[in-house]
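Only one structure is covered here, and it is reproduced in the block below.
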Amino acid sequence: MKTILRKGQILVAAVVLAVLSLTLGVVASSSLIKRVSMRTQADDLSKALAAAEGAAERMLVENTSVLEEYINYGNCGSACTWQVQDLNGQIISAQVSLSYAGETTDMFDTEVETDEVFQLNLNGYTSGASIDVCWNTPSSIYASYIKNESGTIVSTPYAHNAVNTSVPENNFDSSFASHGFSNCFTVTADGTPVMLRVRPMYLNARIYFVPQSGQSIPKQGILITSVGTAGDAVKKVKVLKSTAIAPIIFDYSIFQKSPEYSLSNSIM
């Protein structure tokens, strides 16, 4: 009887050890599979992003007139499709779609880095209509409204701090909260509108241009949307091929009152 009992105990111990070993093996295998899957997914995400960026860059080097033809005809065919097979036989692809940026009554927004300039094209905007410039960061914004006044290019400067500014000593004008944004100021177009140049100071800012009700933001360039795919991974890249933008020194040249005098913002 004791022999049978001992044999039973040994059998139970053997079964427990077998189950424990099997469990450990399953856990180890599951962990390995998970790591391999995550690594594969990360590789696919990198490939999808590279494909999306590559296809977008290919469109950026095309002439604007060619891209406009693609948009106007509603199809760019094989020019908007990119595909390659890697060394492992995986198909990596990208699909590009093109559209005009602007040409809408909706607001237009863009990210602008500190001391860089974004130029909003206002050709065709209605004289007498307003446009609000809004942002949410504590940045201060310098803006220059450029117009054609009887054949003369004229600049009207704007300088506004955020509502809760940390630099009141610069004596910029105050902004106001509007349209759901923390900071806004209004530019009223007069003369023949040409452009509105904005420059964030102290911090980067995503700037929103809100047209007056019933007005449309003019065309700002071509929006290139590229979607890259590798396996189950998908990455999207958006790039704006903007209309021509004057360099930052342009703002200083506007203040040149006369060839005989140095640059100045004083009234002569």
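Got the relative contact order for segment 51-97 handy, in percent, Cα pairs under 8 Å and 6 or more residues apart?
Values: 35 pairs, mean separation 20.4, N = 47.
Relative CO of segment 51-97 lands at 43 percent.
So what is the relative contact order for segment 104-218, in percent, with contacts set as C-alpha pairs under 8 Å and at least six apart?
RCO, segment 104-218: 50 percent.
How large is Rg/Rh for segment 104-218, to two decimals, with Cα atoms and a Kirkwood Rh?
0.96
Every number here is computed from the coordinates shown, using simple stated rules; none is lab data. Since this is a predicted model, take the numbers as computed values, not measurements.
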